[in-house]
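The values are calculated or read from the model by the stated rules, or taken from the named source; none is laboratory data. As the structure is a computational prediction, the values presented were derived from the model and not from experiment. Every residue, glycine as well, gets a Cβ built from its backbone with ideal geometry; the counts of neighbours run over all protein chains shown. Note: areas computed on protein heavy atoms with side chains; ligands, DNA, RNA excluded. Shrake-Rupley method; radii C 1.70, N 1.55, O 1.52, S 1.80 Å.
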Amino acid sequence: MMKFLVLLVRNRLAAVGGVLLLVVVLLALVTPLLPLQPPNVTNTADRFLAPFAPGHLLGTDHLGRDLLSRLLWGTRLSLAVGFAAAMIAATIGAAIGIVAGYFGGRIDNVIMRGVDMLMAFPYILLALAIVAALGPGLMNALIAVAAVNVPFFARNIRGITVGIANKEFVEAARLAGMGHWRIIGIEILPNVLPVIVIAVSTTIGWMILETAGLSFLGLGSQPPVADLGSMLGEARSALITNPHTSVVPGVMILVIVMGINLLGDGVRDALDPRLRSGALTRPMPATTVARDTVPAPRGEGVLDLTELETQFHVGKRIFRAVNKVSLTVAPGECLGVIGESGSGKSVTALSIMGLVASPPGVITGGRADYRGEDLVGMPYDKLRSLRGDRIAYIFQDPLATLHPLYRVGEQLREAIQVHHRVGRAEAWGRAVDLLRSVRIPNAENRARAYPHELSGGMRQRVGIAMALANEPDIIIADEPTTALDVTVQAQILSLLDDLRRERGLAIVFITHDFGVVGQLCERVSVMYAGRIVEEGPTRAVLDAPAHPYTRRLIACVPELGQGRRRLHSIPGLPPPVDNLPDGCAFAPRCDKAQDACRRCEVTLDTAGARAVRCLYPEEDLSVQGGTA
Amino acid sequence: MGGYILKRLLSAIPVLLGITVIVFAIMTLIPGDPATAILGSYATPENVARINRELGLDKPVVQRYFIWLGNMLTGDFGTSFSLDRPVIDEVLERFNATLVLAGTSFVLCSFFGILAGVISAARQYGWADKAITFAVLLGISIPSFFLGMMMILIFAVRLQWLPVSGMYAIYGGGGLVDLISHLTMPAIALSVVATGVIARLSRSAMLEVLRQDFIRTARAKGVGERRVIWRHALRAAMVSIIPVLGIQAGFVLSGAVYIEIVFQWPGVGRMLVDAILTRDILLVQGGVVFVAACYVMFNIAVDVAQSLLDPRIRT
């Protein structure tokens, strides 16, 4: 609650709204005490006095009545009527909603059908029908406005009640033999009350406006008593000659409604946890780059990452997701990057083409060279022209990564047309060819399917076809088989392997599964807490892992025909990357850790084709030399 | 597709029946005596009895409902006593004018609301976003009838750019140009609040969509930012924007009542208010049922549009 209030006050606009409202409400409350002229006494000699006339601060209306006095009394009336309507609507609506939600079944069905019917009306028609039946008058307008809003409350409160009615404590009360009405009174009502209060606070401005509207139409408060709406309605006939009589009540309505809106927005923002951390920001077209120094290029493979650093800046916390990662991929090579979730392997992959969501992601150092050109910090247009053309991605969950509302053929066609000037028909033909090349049967028809109409394996084939669309040099596959079942996974892997051999593709394969790496990759890099802890030829690493983490990761893979072997898991979790321990990040989970491991940073020591970041490696690589 | 439309049309039948029951119940069960209202000071017992017989008020309630419903189904909404003409003729004529006004407003608020929302989201926290957010706040706070009056004051009286009120000029009026010049102010005044609401919703819907994985896929393909926003993101965001357009259409229709009064627009809203003030019950009944029925049909059209847009809900 305190947190909520703090958030509310910190929201400057909400505070402004709150102050505006407070002033208006206070004025309305003390109106009878103020030395005002009587609001309803006419004095035709003083008709239409302009504002700041002596004795009449805001001037007078068409009957010579003091506008300031009428304004304050009118405000008082409008606020009171709006408040009363909100209270009535909330009480009746909540009662209906609780009964429907608590009893459920047929009662619920009948009530909610009725509510749906009422909501089928544009609200004013219902209000007009009620006023027509009851006759014009402020009381009747109030009833009409309250009645029109009952369905809104009923529906909201029913939803909340249904959730609560199935909770254990209600069940317990029922088993204890409590009567229905007692349960509603003791268990349900206290829990829905906050929701009712919020619903009232967000609709009360609306109700004030609606009653003012009916009064404006001459169907609400009747002369000589006036609320803000009827003041405006009466002033309308003198709009052209004496606009101030209209402006005065109109501005007051505007102030009240704006105050309520500002405050309501603030309340909503403070209550909605998603907005709290400012999480609802859109990612920019490319990841923000903020590098102090740029390391020299290495110029070894088709893709070289050199001391790449990517961080997430959330509030004051800095998450070092990728911490000086260097990788090299040779043409036609398949490099596996492996690690648990949270190890930074996906962020590394996305950093290459600036696809890390930003904010909060920032590339803070290092470089990523494609054929000697630094992709990090490259002008957006140039980066875009390489995306999907020379370096393509395959993502994990193809249901979420394909656009749900476009046919897969169209999505493939777009991938081609973004980079090549080809006609629609030709591009479509190529799209179908692509689907065929990833062994989708009946490709002409499948091209016209929407993603949700395909199976998971088929969708991932579409994802692969999309990556192949422009015959790229490099494919970055970010856990492409994780969401698939094992047989489909095997098919996809062999497909990727064939394509690589046929087309001489370089593949960076991100995964958490050493089994997959063993099948596909020539070399592997193991990541932990944003760093590379071991790398080397896949066979050598699998046969003789040097880092304790690698050894335990390999032990996680079940092997066929060896069902009796114990399946190991690594106890504990990877450390949060905003608060890394000194020294080796794996030390807290490592059974071989010594004091020295925690003392200072451990370097990645290279020996021939292999490298390991460990003071006490499982295998002494320097002895083995480059033989592995 | 045809099956879906048929299903939605059939599901509208109970709603339409419900509407007639509600309107009939409000008009019938609430105390009040139409005969006295019609006759005013001529309400002698004999006259009251005669009117009651003419209106069929001497029959049992349930029977009266079915007679009324049956008549409406054959297009007979009764006769307005204050206008002395068939209710349906008057309603149709007035509804036409309302349709021009509310339809224009609806197009305006949909177009500019979505446009503003998308720009706001695409330029999140930029100056355009801030300007739009502020304008939206102002827009949703100003009562449409007050805004209409201020517009008359500024654009019709001070600047004399546009006519003060009415649908056509009284002398030598008619034609599209005349209609547009009369329509401009009321249509804008009516659309402002809905524009604000739609802009707000479109902004958050776009922000929601722009965080989704398929947007990242589009960018990874090399799709340009403009296309990402206007094709990929907007198309997906429309799924949550369209239902709001349907709801806002109801608010535009409601707001038309005030705007028709302010601008002397000869629409169904003004007719209803006049009918209430003269206690012309049959006219109110007929008008409310007719407009509500049209609104229900409009919402079906919205559902169909939604299903055209989103292949996932068609089946």
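Helices meeting the span-like rule in chain A (full DSSP H runs, Cα extent of at least 20 Å along the helix axis, mean Kyte-Doolittle score of 0.5 or higher): A:12-30, A:67-103, A:138-165, A:189-216, A:244-271. For chain B, find the longest principal axis of its Cα atoms and tell me its angle to the long axis of helix B:127-141, 0 to 90°, nearest 10. With both axes taken from Cα atoms, the answer is about 10 degrees.
Apply the a/c threshold of 1.5 to the C-alpha gyration tensor of the stretch A:176-259 and tell me whether it is rounded, prolate or oblate. Because a/c hits 1.5 or more and a/b exceeds b/c, the stretch A:176-259 counts as prolate.
Ranking A:VAL195, A:GLN594, A:ILE474 by Cα position along the charge dipole of the protein assembly as shown, where only Lys, Arg, Asp and Glu carry charges on their C-beta atoms, puts A:GLN594 farthest toward the positive end. Segment A:LEU573..A:GLU340, full-extension length gain: 83.0 nm, with 0.36 nm per residue of separation and the alpha-carbon distance subtracted. Output needed: percent of Cα pairs per 20 Å distance bin for the protein assembly as shown, bins running from 0 to the one holding the longest distance. Taking all Cα pairs of the protein assembly as shown, the binned fractions are 12, 34, 30, 18, 6, 0, 0 percent. Calculated accessible area for the protein assembly as shown comes out at 44 Å² per residue, all protein chains present (probe 1.4 Å; ligands, DNA, RNA ignored). Sorting A:HIS403, A:HIS512 on solvent-accessible area from highest to lowest, probe radius 1.4 Å, gives A:HIS512, A:HIS403. Based on alpha-carbon centroids, what's the gap between the stretch B:218-288 and the stretch B:77-145 in Å, whole number please? Here the answer is 5 Å between Cα centres.
For B:LYS221, a cut-off of 26 angstrom between C-alpha atoms picks up these lysines, skipping any fewer than 8 places away in its own chain: A:LYS345, A:LYS382.
Of the residues making up the stretch A:378-397, those losing 10 Å² or more of accessible area when the isolated chain is joined by the remaining protein chains, with a 1.4 Å probe, are A:TYR380, A:ARG384, A:ARG387, A:GLY388, A:TYR393, A:PHE395.
Sorting the segments A:428-435, A:465-472, A:484-491 by their residues' average number of neighbouring beta-carbon atoms within 10 angstrom, most packed first, yields A:465-472, A:428-435, A:484-491.
Helix B:87-122 axis versus longest C-alpha principal axis of chain B: approximately 20°, rounded to the nearest ten.
Looking at the protein assembly as shown, the DSSP beta bridges with both ends there are about 60 percent antiparallel. Bridgeable aspartates and glutamates around A:LYS167 (alpha carbons under 20 Å apart, same-chain partners fewer than 8 residues away excluded): A:ASP108, A:GLU187.
Placing unit charges on each Cβ (+1 for Lys and Arg, -1 for Asp and Glu) gives the stretch A:121-278 a dipole about its Cα centre, and among A:ALA173, A:MET252, A:THR211 the Cα reaching farthest toward its positive end belongs to A:ALA173.
The chymotrypsin sites (Phe, Trp or Tyr not before Pro) of the stretch A:33-116 that DSSP puts in a loop, and whose beta carbon has at most 10 other beta carbons within 10 Å, are A:PHE52. Assuming charge only on the beta carbon of Lys and Arg (+1) and of Asp and Glu (-1), the dipole of the protein assembly as shown about its Cα centre is about 560 debye to the nearest 20. The convex hull built on the alpha-carbon positions of the stretch A:3-153 has an orientation-averaged projected area of 13.8 nm². Relative to the longest principal axis of the Cα atoms of chain B, the long axis of helix B:281-309 makes an angle of roughly 20 degrees. For A:ARG523, the residues whose modelled amide H falls within less than 5 Å of its own, excluding neighbours fewer than 5 places apart on the same chain, are A:CYS334, A:GLY336, A:THR538. For the chain pair A and B, the buried solvent-accessible surface (1.4 Å probe, both sides summed) amounts to about 6800 Å². Amide H neighbours of A:VAL602 under 5 Å, at least 5 residues apart or on other chains, H built in the peptide plane: list them. Result for A:VAL602 returns A:CYS584. Across every direction, the projection of the convex hull enclosing the Cα atoms of the stretch A:154-207 has a mean area of 3.9 nm². Round to a whole number: what % of the accessible area of the stretch B:116-267 belongs to carbon and sulfur, probe 1.4 Å? With neighbouring chains kept in place, the figure for the stretch B:116-267 is 67 percent.
A straight chain from A:GLN594 to A:LEU271 at 0.36 nm per residue would run longer than the Cα-Cα distance by 111.5 nm. Residue-wise HN-Hα couplings along the stretch B:204-216, as the Karplus relation 6.51 cos²θ - 1.76 cosθ + 1.60 with θ = phi - 60° gives them from phi, are 6, 5, 5, 4, 4, 5, 5, 8, 6, 5, 6, 5, 4 Hz; Gly and Pro carry x.
Since only B:PHE290, B:MET271, B:MET238 are under comparison, the one whose Cα sits farthest along the positive direction of the charge dipole of the stretch B:208-315, derived from C-beta charges on Lys, Arg, Asp and Glu, is B:MET238.
The alpha carbon gyration tensor of chain B gives principal lengths a ≥ b ≥ c with a/c of 1.5 or higher and a/b no greater than b/c, which makes the shape oblate.
Computed from phi, the 3J(HN,Hα) profile of the stretch A:572-584 under the Karplus parametrisation 6.51, -1.76, 1.60 (θ = phi - 60°) reads x, 10, x, x, x, 7, 8, 8, 6, x, 5, x, 6 Hz, with x in place of Gly and Pro.
Over the stretch A:66-187, the pair-distance histogram of Cα-Cα distances with 10 Å bins from zero comes to 13, 32, 27, 17, 8, 2, 0 percent, rounded to whole numbers. The amide H of A:GLU618, built 1.01 Å from its N in the peptide plane, has A:HIS547 as neighbours under 5 Å, considering only residues 5 or more places off or on other chains.
Straight-line reach from A:LYS316: taking Cα to Cα under 17 Å and skipping same-chain neighbours fewer than 8 places apart, the aspartates and glutamates in range are A:ASP578.
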